[in-house]
Every structure is written in structure tokens, then in C-alpha cells.
Amino acid sequence: MRSLTTAVVLIALGVTQCLAADGPVEKVDIFQAGEEGFSLYRIPGLVVTKSGTVLAYCEARKSDKGDWGPIDILMRRSTDGGRTWGARQTVVHVEGDLPINPVAAAQNLDKPGDNTANNPVAIADLQSGAVHFLY
């Protein structure tokens with residue numbers, strides 16, 4: 001646990017230094033609700049790769065009724081520190097017949113074909129350059 005805390009503190013310090021060096025922070029909406037058939041976006045994340053590319057990702061939900069239903073994971077990338085962003089890319093889109101969640105089905109939140117990918121997290125290995133993506 002100590003090494004995780006140390007890693008989080010070091011990352012926070014690094015991000016703070018980068019932001020301070022570049023001036024004030026500007027808000028940029030890179031995932032906007034209602035676009036491309038998605039009602040809302042949740043569980044956002046950011047990671048900076050070894051080469052300095054910023055990857056922003058999140059759940060893209062077609063329904064705003066809960067954690068079940070058709071949910072994809074989208075990503076956008078920036079090669080200039082977040083000033084501009086490339087087009088959205090679908091990182092995860094689950095297809096096929098998966099088991100239905102009985103609790104969600106009882107609440108009319110899950111039905112056949114409503115496949116979901118949840119809780120994405122990206123981990124950048126700054127030594128090898130690999131980015132591990134879990135969901």
C-alpha cells in the first residue's frame with residue numbers, strides 16, 4: 001500500500017508541475033452527453049504515456065438509467081498536452097449473448113443484447129512504453 005501511495009503522490013506532483021509550467025488550465029469538454037447516440041459519459045480517466053501522449057477515456061452509456069445496458073468505452077488522444085484532441089475511438093464494444101443480470105432485469109434495466117463494459121482504468125508503464133487497459 002505504501003508504494004501505491006508513493007506512486008499516486010509522485011504522479012500528482014508530476015501533473016502539477018506540468019500544469020504549472022504551461023500556465024492556467026482551461027476546461028475542454030471532450031465527451032459531451034447526447035453525441036453519437038450516447039446519453040451520458042461516466043467513469044472518466046486520463047493517463048500520460050511514456051511519449052507524452054495524453055489518453056482520455058470513459059464509459060459511453062446509451063441509457064441514463066443505471067449501470068446496466070449498452071455501455072461502450074471510448075478514448076480520445078492528445079499529442080500536445082491536451083490543447084487539441086483527436087477523434088473519438090471505440091476501445092471496447094461488447095457484442096454477443098452475455099448472461100443477463102437478474103437484479104437489473106427485475107428493474108427493467110437489462111435485456112438481451114444490452115452488453116456492458118464497466119470501470120475502465122489505464123496504466124502507463126513509463127519504462128516499457130506499454131499502456132495496460134483494464135475494464
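The values are calculated or read from the model by the stated rules, or taken from the named source; none is laboratory data. Note that the structure is a prediction, hence the values are computed from the model and not measured. Cβ coordinates were reconstructed from backbone atoms using ideal geometry, including for glycine residues, and neighbour counts include every protein chain displayed.
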Practice task
Could you tell me whether Tyr41 is surrounded by 12 or more Cβ atoms within 10 Å (Cβ to Cβ), hydroxyl-bearing (Ser, Thr, Tyr) and farther than 26 Å from Gly23 by Cβ?
Solution key: yes
Exercise for the section: Return yes when Thr49 is at pLDDT below 85, more than 11 Å from the chain's Cα centre (by Cα), under 20 Å from Tyr135 (Cβ atoms) and crowded, with 16+ Cβ neighbours inside 10 Å and no when it is not. Expected result: no
Completion exercise
Restricting the range 54-93 to residues that are of a type in the set (S, T, N, Q) and part of a loop (DSSP other than H, G, I, E, B), the one modelled with the lowest pLDDT turns out to be Ser63
Practice task
Please state which of the following conditions Lys27 fails to meet, knowing it meets all the rest: (1) part of a loop (DSSP other than H, G, I, E, B); (2) of a type outside the set (Phe, Trp, Tyr); (3) in contact (Cβ under 8 Å) with a residue 40 or more places away in the chain.
Solution key: (3)
Practice task
Would you mind telling me which numbered condition in (1) modelled with pLDDT of 95 or more; (2) within 26 Å of Gly23 (Cβ to Cβ); (3) crowded, with 18+ Cβ neighbours inside 10 Å; (4) not polar (S, T, N, Q) Pro120 fails?
Solution key: (2)
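Answer yes or no as to whether Gly69 is crowded, with 17+ Cβ neighbours inside 10 Å and either over 21 Å from Leu40 (Cα atoms) or without any contact (Cβ under 8 Å) to a residue 24 or more places away in the chain (or both).
For Gly69, the condition - crowded, with 17+ Cβ neighbours inside 10 Å and either over 21 Å from Leu40 (Cα atoms) or without any contact (Cβ under 8 Å) to a residue 24 or more places away in the chain (or both) - is not met.
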Practice task
Consider Val131 carefully, then state whether it is modelled with pLDDT of 95 or more and over 19 Å from Gly37 (Cβ atoms).
Solution key: yes
Practice task
Could you tell me whether Asp97 is within 26 Å of Gln32 (Cβ to Cβ) and surrounded by fewer than 18 Cβ atoms within 10 Å (Cβ to Cβ)?
Solution key: no
Completion exercise
For the range 94-135, the count of residues that are hydroxyl-bearing (Ser, Thr, Tyr), part of a loop (DSSP other than H, G, I, E, B) and under 11 Å from Asp72 (Cα atoms) equals 1
Handout entry: Hey, Gly113 closer than 12 Å to Gly69 by Cα and not hydrophobic (A, V, I, L, M, F, W, C) or not
Key = yes
Practice task
Look at Ala104 and say whether it is surrounded by 15 or more Cβ atoms within 10 Å (Cβ to Cβ), in contact (Cβ under 8 Å) with a residue 12 or more places away in the chain and farther than 18 Å from Ala60 by Cα.
Solution key: yes
